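Q: Mind looking over this structure? Questions follow.
The values are calculated or read from the model by the stated rules, or taken from the named source; none is laboratory data. From a predicted model like this one, the values you see are computed outputs, not experimental measurements. Because the Cβ atoms are built from the backbone with ideal geometry, glycine has one as well, and the counts that use them run over all protein chains shown. Side chains are part of the model used for accessible areas, which takes the heavy atoms of the whole protein and leaves out ligands, DNA and RNA. Shrake-Rupley method; radii C 1.70, N 1.55, O 1.52, S 1.80 Å.
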Amino acid sequence: MNTGTPLTVGFVGLGHMGGPMAANLVKAGHRVRGYDLVAESLEAATAAGVEPVASAADAAAGADVVITMLPAGRHVLALYGDEGLLAAAAPGTLFVDCSTIDVADARAAHEAAAAAGHHALDAPVSGGVAGAEAGTLTFMAGGGEGEFARAEPLLAAMGKKAVHCGGPGAGQAAKICNNMILGISMIAVSEAFVLGESLGLSHQALFDVASTASGQCWSLTSNCPVPGPVPASPANRDYRPGFAAPLMAKDLGLAADALRASGIDSAFGIEAAKQYAEFAAGAGAAEDFSGIIRTIRQQNERNETAS
């Protein structure tokens, strides 16, 4: 794959997503200097060719581009400011944040980078751990056209598609809208399978119809919530993630906050956020988000018993 001139990349956040992403940059010929608070994550990245450094600031020093993959907006903003990431970088460094965070936090990160004499791009991803490992992620980017062009070779090394969605924060806006669709559709697909079960319909029969009819969607054909029809889906591995339910709950929470802030009446988006928050706090804490079908099934069984 031609990913342009080799660059020196500082990579902060080498967990389940960041680690494989950094490894793919190394495979594409880039020099990657990485940091993570978790020693095991740093060790795994080192084994994949990432050069370990002692701090996030060390990762940024001398880098052409700094990529961050962190849990929340507060971590990004703290790292940029109080923890000295922006200050450690040479003037004009490009900062690409691949975390999924609030749109307002993303815009604040852009402003902080600009104030420090740098460039910024918010570029959250879709595709989960499997996509990070395979280099097939989709990037949704927000920022200037120049920043997007500058980041494109790196995004190409880590994913199969990168879309420039607009100005600062537009990547995050696209991400939460996309995942609201995903969360709602997984609940709908799960409810359909539970209904099919109650009507005596086999999982395979429902899949064979819906996957080639108007009910077709990614939640059905790629991440089917029942074992059997899609061998690669987490349902065949006792719902081992995949895309973990707590991450879906986080993304839907961001979408719900944006809905309320925008004054948009979205009953399905708010309800999906509520259901996933409850699922992630309980039975789904360590499960793929498709595991919510078991909660839906159990609730149906309780209702039948009560009646």
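Q: In angstroms, what radius of gyration and Dmax does segment 129-287 have, counting Cα atoms only?
A: 17.3, 56
Q: Let me ask you something else. Extent of segment 88-129 along each principal axis, from alpha carbon coordinates, in Å, largest to smallest?
A: Here the spans come out as 33, 21, 13 Å, largest first.
Q: Using only the Cα atoms, what convex hull volume per residue in Å³ does segment 42-116 have?
A: Once divided by residue count, the hull of segment 42-116 is 88 Å³.
Q: Could you compute how fast segment 264-307 diffuses translationally, taking Rh as the Kirkwood radius over C-alpha pairs and applying Stokes-Einstein at 25 °C with viscosity 0.890 mPa s? Give it in µm² per second.
A: 214
Q: Size of segment 163-253 along its principal axes in angstrom, Cα-based, largest extent first?
A: Computed over segment 163-253, the largest-to-smallest principal extents equal 50, 28, 21 Å.
Q: How would you order 254-263, 107-116 from highest to lowest mean count of nearby Cβ atoms within 10 Å?
A: On the way: 254-263: 16.0, 107-116: 18.7.
Answer by packing, highest mean first, reads 107-116, 254-263.
Q: Rg (Å, one decimal) plus Dmax (Å, integer) for the alpha carbons of segment 144-207?
A: 18.9, 56
Q: Follow-up question, since we're still on this one. Hey, what's the per residue convex hull volume over the C-alpha atoms of segment 112-153, in cubic angstrom?
A: Measuring per residue, one finds 84 Å³ for the Cα hull of segment 112-153.
Q: Okay, next question. Just the accessible area per residue of the chain, please: how many Å² with a 1.4 Å probe?
A: 44
Q: Here's a follow-up. Shape call for segment 1-146 from the C-alpha gyration tensor, a ≥ b ≥ c root eigenvalues: rounded (a/c under 1.5), prolate (a/b greater than b/c) or oblate?
A: Since a/c stays below 1.5, the shape of segment 1-146 is classed as rounded.
Q: Okay, moving on. Tell me what the chain gives for mean residue ellipticity at 222 nm when only DSSP H runs of n ≥ 4 count, each as -39,500 (n - 2.57), the sum divided by the residue total, rounded to 500 deg cm²/dmol. Don't jump to the answer; show the numbers that get you there.
A: Working: 14 runs with 159 residues, N = 307.
Per the formula, -16000 deg cm²/dmol.
Q: List, in the order given, every pair from Lys160/Lys274; Lys27/Lys160; Lys250/Lys274; Lys161/Lys274 whose Cα-Cα distance in the structure shown is over 21 Å.
A: Beyond 21 Å between Cα atoms: Lys160/Lys274; Lys161/Lys274.
Q: In addition: Could you tell me what a quarter of the Cα convex hull surface of segment 1-71 works out to, in nm² with one decimal place?
A: 4.3
Q: From the alpha carbon gyration tensor of segment 64-202, can you work out the equivalent ellipsoid semi-axes (sqrt of 5 times each eigenvalue) and give them in Å, largest to smallest?
A: In descending order the semi-axes read 34, 15, 12 Å.
Q: Turning to a different aspect of this structure: Based on the mean of other Cβ atoms within 10 Å per residue, sort peptides 134-147, 37-50 so the most packed one is first. Provide the component values of the computation, followed by the final result.
A: Working: 134-147: 20.8, 37-50: 15.7.
In decreasing order of mean packing, 134-147, 37-50 become 134-147, 37-50.
Q: Expressed as a whole number of Å, what is the distance separating the alpha-carbon centroids of segment 26-57 and segment 245-264?
A: Distance between centres, Cα-based: 32 Å.
Q: Amide H neighbours of Asp288 under 5 Å, counting only residues 5+ apart in sequence or on other chains, H built in-plane at 1.01 Å?
A: For Asp288, the qualifying residues are Arg240, Ala245.
Q: So what's the net charge close to Thr5: Lys and Arg +1, Asp and Glu -1, counting the other residues with Cβ under 15 Å from its Cβ?
A: The answer is 0.
Q: Once you treat every alpha carbon in segment 177-227 as an equal point and sum by Debye, what is log10 I(q)/I(0) at q = 0.21, 0.27, 0.28 Å⁻¹?
A: -0.68, -1.07, -1.13
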